[in-house]
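Here the structure comes first, spelled out in structure tokens, and everything after it is commentary.
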């Protein structure tokens, strides 16, 4: 409250939005991310947090004009680096950007205006365009699956996936719910969004605000770690169910939230397996199926859950035949 | 713009808070006081509203001390930062003299001083801690034991940009962990006189001691898995690392034995058993050596004797 007043006279000098870009050993991608952030709004402060990169990241950053460069001497992980970025930033709105993703032009202004118009909202969430490794949009759009408003339970149940790339967060939220959990790198964003949504409504727009560079299947990035990651999500949900608002709800509501999240996780694991089988990543596929069985035996043991998997197996067998059969098993994600 | 900020974290202790805030303000010319209310369920908010010129931040669901301190760091504007617990005090003028010292030593990352140790009633007990303040490169000394009282330290904001924020996964050790990470990269300055008042918990108050065993277990894990993995520790020779471990484990075992004695002295036998078993489990070698350490044996026996006579007097 006190701060808001003293900011007012110097409004034109203060950055309106801070974009925090944690980076680790990817200097070749960084410049593009920084430029996209700068073009995404007026008076944007770009904070690059170099998470103890041992390569020429520092040199590349020195050449980038007009950024705030923070160098961590000791690796802190994504969450720790984002926290330091928040500390180093000065604007009232904070956005996170990964060094390999892009912000779309004007997107920060759009979300900032939305947040400024609705003082109650904690963060604004938009859609993302998917792209391949060379930043060419694939045509897919990842749109928010929530109308906005109170999204606490939907976030907690994983019904409403929110990516940091597509959000703009009010700085004040961190003062009220705390910073990112350093030990949660990888799921730190989900954790903070749930904790913010516990107290603040969410603003949602269907407009695309970011370009998400999807990891290639061959890079293996993600696929091996995914089963472990989803098990972490399952474990951490138990912590989030201890938040005051969840505790205040009837036990049945909490049980339902747990059940839905576990179903969704099992489905995702099986869906991943189905996706990996045609690519002959049998090891990863097995790991995913086993993880699904461990996490949610009832869900993963239903024969119906494997329709997609079988479909993709059959599609692989009849490699010469039409690809059409692969799309017949959309039942899994539709349930 | 205030040059020094004090982050006071508080949880359900409004009766102590006002004194802490006043002491912080009297510790320097222009001190920014940030009170972080870690989801208190009592009248802390009203008490804070009645204290003028503080920045009050309220966390809605408890993030524990380290999480609250991090939020405080985010909320404050000073170039020099320091922490204060709600039950501790800063001595008048102490912040200004410590900041002056840091300004005169631009390469130092932090400065610390002694703390007057008082018991729960506020009566001074024992000499100021630490008896002597190591300065300069104290990385290896800090790996042996934490001799930096949390309320007695002032560090630069720029340190945080290089070493990161507090680790909120190690409750009770987050300050020690930060000092070690700062001392790994920066020399440390000292002001060898009391700068703060540290209200030490007693086993009778239940505060702190009940978790002594768990805290030491956590500390041992942190030492092995984090502190020894810091590049400077990794680069050290094996003898240097072993030497550090010997001192650390001896200190920890000693601490647990003392806690056992303190718990026995006030009749908390459950806690005593916990501490003793932790000592045996975590540091068996050091405990095996303990019976040959006369001073320690005498201390424990003395406490037992007190306890015994107290029991006799009661019957």
Here is a check on your reading of the model: is residue A:197 in a helix (DSSP H, G or I) and modelled with pLDDT under 95? no
Only unsatisfied item for residue A:120, checking (1) in contact with a helix residue (DSSP H, G or I) (Cβ under 7 Å, 6 or more places away or on another chain); (2) in a loop (DSSP other than H, G, I, E, B); (3) more than 18 Å from residue B:167 (Cα to Cα), is (1)
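Tell me the helices (runs of 4 or more DSSP H) entirely within the range B:1-80 that contain at least 3 residues that are within 14 Å of chain A (Cβ to nearest Cβ). Show your work before the answer.
Numbers: elements: B:14-25, B:44-49, B:64-75.
Counting at least 3 such residues, we get B:44-49, B:64-75.
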Looking across the range A:34-67 at residues that are surrounded by fewer than 19 Cβ atoms within 10 Å (Cβ to Cβ) and within 12 Å of chain B (Cβ to nearest Cβ), the single one that is farthest from residue A:165 (Cα to Cα) is A:54
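Which of the residues spanning the range B:248-302 are over 25 Å from the mean Cα position of the chain (by Cα) and more than 21 Å from residue B:144 (Cα to Cα)?
Pass one, the range B:248-302, residues over 25 Å from the mean Cα position of the chain (by Cα): B:267, B:269, B:284-285, B:288-295, B:297-298, B:301-302.
Of everything in the range B:248-302, those that are over 25 Å from the mean Cα position of the chain (by Cα) and more than 21 Å from residue B:144 (Cα to Cα) turn out to be B:267, B:269, B:291, B:292, B:294, B:297, B:298, B:301, B:302.
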Can you find a residue in the range B:40-62 that is surrounded by 22 or more Cβ atoms within 10 Å (Cβ to Cβ) and either within 19 Å of the chain's Cα centre (by Cα) or not assigned by TED's automatic domain parsing to the domain that holds residue B:100 (or both)? no
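Has the range B:177-187 got at least one residue that is assigned by TED's automatic domain parsing to the domain that holds residue B:145 and part of a loop (DSSP other than H, G, I, E, B)?
Initial filter on the range B:177-187 (assigned by TED's automatic domain parsing to the domain that holds residue B:145): B:177-187.
Now narrow it down to the ones that are part of a loop (DSSP other than H, G, I, E, B): B:186-187.
The answer is yes; a qualifying residue exists.
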The lone condition residue A:173 fails out of (1) away from chain B (no Cβ under 14 Å); (2) in contact with a helix residue (DSSP H, G or I) (Cβ under 6 Å, 6 or more places away or on another chain); (3) assigned to a helix (DSSP H, G or I) is (1)
Those residues of the range B:226-239 which are part of a helix (DSSP H, G or I) and either more than 12 Å from chain A (Cβ to nearest Cβ) or in contact with a strand residue (DSSP E or B) (Cβ under 9 Å, 6 or more places away or on another chain) (or both) amount to B:228, B:238, B:239
Discussion item. Residue A:182 - would you say it is within 10 Å of another protein chain (Cβ to nearest Cβ) and at pLDDT 95 or above?
Written reply: no
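Kindly indicate whether residue A:203 is in a loop (DSSP other than H, G, I, E, B), over 15 Å from the mean Cα position of the chain (by Cα) and modelled with pLDDT of 90 or more. Spell out the reasoning first.
Working: in a loop (DSSP other than H, G, I, E, B): no; over 15 Å from the mean Cα position of the chain (by Cα): yes; modelled with pLDDT of 90 or more: yes.
No; evaluated as a whole, the condition is false for this residue.
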Of B:163, B:170, the only residue that is without any contact (Cβ under 8 Å) to a residue 40 or more places away in the chain, within 14 Å of chain A (Cβ to nearest Cβ), surrounded by 16 or more Cβ atoms within 10 Å (Cβ to Cβ) and closer than 19 Å to residue B:67 by Cα is B:163
Flagged in the range A:28-83 as within 23 Å of the chain's Cα centre (by Cα), part of a loop (DSSP other than H, G, I, E, B) and free of Cβ contacts under 8 Å to residues at least 60 places away in the same chain, in numbering order, are A:52, A:53, A:75
Within the range B:140-160, residues crowded, with 22+ Cβ neighbours inside 10 Å and either within 13 Å of another protein chain (Cβ to nearest Cβ) or within 20 Å of residue B:7 (Cα to Cα) (or both) come out as B:148, B:149, B:150, B:151, B:152, B:153, B:154, B:155, B:160
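Take the residues in the range B:138-159 that are touching a strand residue (DSSP E or B) at 6+ places or on another chain (Cβ under 8 Å) and in a helix (DSSP H, G or I); name whichever of them is nearest to residue B:247 (Cα to Cα).
Kept after step one, since they are touching a strand residue (DSSP E or B) at 6+ places or on another chain (Cβ under 8 Å), are these residues of the range B:138-159: B:138, B:147-157, B:159.
Imposing the further condition that a residue be in a helix (DSSP H, G or I) reduces the set to B:150-152, B:157, B:159.
Details: B:150: 21, B:151: 25, B:152: 24, B:157: 31, B:159: 27 Å.
Once the filter is applied, the top-ranked residue is B:150.
The values are calculated or read from the model by the stated rules, or taken from the named source; none is laboratory data. The model shown is predicted, which means the values in this text are computed figures rather than measured ones. Note: ideal-geometry Cβ built from the backbone for every residue, glycine included; neighbour counts use all protein chains shown.
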